[in-house]
Amino acid sequence: MTVTVLLFASYADLLGTNQLELELPIGATTDDAMDQLQALPGASRLPKHPLIAVNERYARRDHVLAAGDEVAIIPPVAGG
């Protein structure tokens, strides 16, 4: 199945894109998506367990993904 991954700020800078598609097996979780994402060139500096949203709702690491889901990897936010 294919899911779309959205990357923001420094995460997009590390991977050189703000959006990509991952091919995952049926039953894959957000944690599985992160494992595959971290195997890409430039992703070694991504945190192992960042904040993740699936279809615009925060999701746990064990959230089971479905084909067509949109997975957002959210960097830490600081304000001032």
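On inspection, residue 28 does not qualify as of a type in the set (A, V, I, L, M, F, W, C) and either on the phi > 0 side of the Ramachandran plot or under 10 Å from the mean Cα position of the chain (by Cα) (or both).
Considered as a group, the residues in the range 27-68 that are of a type in the set (S, T, N, Q) and touching a residue at least 12 places away in the same chain (Cβ under 8 Å) include one that is nearest to residue 17 (Cα to Cα), and that residue is 36. The residues on offer are 39, 53, 78, 12, and the sole one that is among the aliphatic types (A, V, I, L, M) and either touching a Leu at 6+ places or on another chain (Cβ under 7 Å) or at pLDDT 95 or above (or both) is 53. Going through (1) assigned to a loop (DSSP other than H, G, I, E, B); (2) surrounded by fewer than 12 Cβ atoms within 10 Å (Cβ to Cβ) one by one, residue 61 falls short only on (2). Filter the range 1-34 down to the residues that are among the charged types (D, E, K, R), within 14 Å of residue 71 (Cα to Cα) and surrounded by 13 or more Cβ atoms within 10 Å (Cβ to Cβ) and list them by number. Result: 31, 32. Annotation: residue 29 fulfils all but one of (1) of a type in the set (S, T, N, Q); (2) modelled with pLDDT of 95 or more; (3) closer than 19 Å to residue 77 by Cβ; the unmet one is (3). Residue 37 satisfies every condition listed in (1) out of contact with any Pro (no Cβ under 8 Å at 6 or more places or on another chain); (2) in a strand (DSSP E or B); (3) surrounded by 15 or more Cβ atoms within 10 Å (Cβ to Cβ) except (2). I'd like to check something: does the range 64-71 contain any residue that is of a type in the set (Gly, Ala, Ser), more than 17 Å from residue 4 (Cα to Cα) and over 12 Å from the mean Cα position of the chain (by Cα)? Checked the range 64-71: no residue is of a type in the set (Gly, Ala, Ser), more than 17 Å from residue 4 (Cα to Cα) and over 12 Å from the mean Cα position of the chain (by Cα).
The values are calculated or read from the model by the stated rules, or taken from the named source; none is laboratory data. Predicted model only: the values in this text are computed from it and were never measured. Virtual Cβ from ideal backbone geometry, glycine too; neighbours counted across all protein chains shown.
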